[in-house]
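The numbers here are math on the coordinates, done by the rules we state, and not lab data. Predicted, not measured: the structure shown is a model, and the values here were computed from it. Here Cβ is always computed from backbone atoms with ideal geometry, including for glycine, and neighbour counts include all displayed protein chains.
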Amino acid sequence: MNDTENGTGAHAGADKVMSARDVVARLESGMTLGIGGWGSRRKPMALVRELLRSDVTDLTVVSYGGPDVGLLAAAGRIRKLVTAFATLDSIPLEPHFRAARQRGALELTELDEAMFMWGLTAAAHRLPFMPIRAGLASDVMRVNPGLRTVTSPYEDGEELVAVPALRLDAALVHVNRADRRGNGRYLGPDPYFDDLFCEAADAAYVSCEQLVDGAELLDGGAPQTLLVSRAFVDGVVEAPRGAHFTSCVPDYDRDEVFQRAYAKAAADPEAWREFTERFLSGDEDAYQAAVAAFHEEEA
């Protein structure tokens, strides 16, 4: 792909490095926001934490949910959630998501994992929907009465689910390495559909563990690990440990000790107030310093 302007207006060959604050300044209340990663794995948590420092609210969040959903739900920023699950992986159900659902604090569209993927695919290809088999004869159709089916126009006449496109105003994803133009590489075992989030969005922002030059980005690894194309990226943020406390393999594993503390605090309002004051009241440097101090105490 040549260095021309893409559909988002971002110049494909331009230097797109910005700060997390710059990214959040481009987000607005009421947006549909896609967040990449999967459960408690490679989530763009530094960008989510910066979002919490803003006054952006009333969001429709589209995510294979993890603590990104939990933190935004706890802060009352989510109006509607579109997801296949909300989990911390080693803790099956994200506690803040569960609490928000129990008190009716957000609207939920719950899709099968494959339906979610094909919804992003439809949006990436600028199609209104994708016909798929996933979800037929399941409760997904019952709990989502707005879903429709279509009949194949060919001789088979098969009935299929018409999964609507999950079109995003903006997307946030995190990768292991990126260059200044917005190309991103993952080094772990799974892409987690981050490329689809970027392609389904009007504007996409990538945080990374480390900014590298183009030549270094190409060194080593299979070509398919070059997941995110600059053509679909509007901004790049260097954010070391920016996925914490989720995993960002091979740079670091999930911080299970901290995650347990997060989940435990979520169960008690006073404990959660203390948690937010300690870890979420300052900037990203303050967060990382507080996490380091937490581990020193635990040791």
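One table, with the values for the structure above:
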quantity	calculated
Test: residue in region 281-288 that is out of contact with any strand residue (DSSP E or B) (no Cβ under 8 Å at 6 or more places or on another chain), within 24 Å of Leu93 (Cβ to Cβ) and surrounded by fewer than 13 Cβ atoms within 10 Å (Cβ to Cβ)	no
Selection status of Thr121, closer than 23 Å to Ile35 by Cβ and among the hydroxyl-bearing types (Ser, Thr, Tyr)	yes
Close pairs from region 84-102: first within 14 Å of Tyr262 (Cα to Cα), partner surrounded by fewer than 16 Cβ atoms within 10 Å (Cβ to Cβ), Cβ under 7 Å, at least 6 apart	Thr87/Leu93; Ser90/Glu256; Pro95/Ala267
Region 13-45, residues that are over 14 Å from Gly242 (Cα atoms) and not aliphatic (A, V, I, L, M)	Gly13, Asp15, Lys16, Asp22, Arg26, Glu28, Ser29, Gly30, Thr32, Gly34, Trp38, Gly39
Selected residue (criterion: nearest to the chain's Cα centre (by Cα)) from residues of region 49-59 that are hydrophobic (A, V, I, L, M, F, W, C) and either part of a loop (DSSP other than H, G, I, E, B) or farther than 14 Å from Asp283 by Cβ (or both)	Leu59
Matching residues in region 122-166 - criterion: being part of a strand (DSSP E or B) and among the polar types (S, T, N, Q)	Thr149, Thr151
In region 263-291, residue nearest to the chain's Cα centre (by Cα) [restricted to those that are more than 20 Å from Arg53 (Cβ to Cβ) and without any contact (Cβ under 8 Å) to a residue 12 or more places away in the chain]	Lys264
Region 33-59: number of residues that are farther than 27 Å from Ala290 by Cα and surrounded by fewer than 20 Cβ atoms within 10 Å (Cβ to Cβ)	1
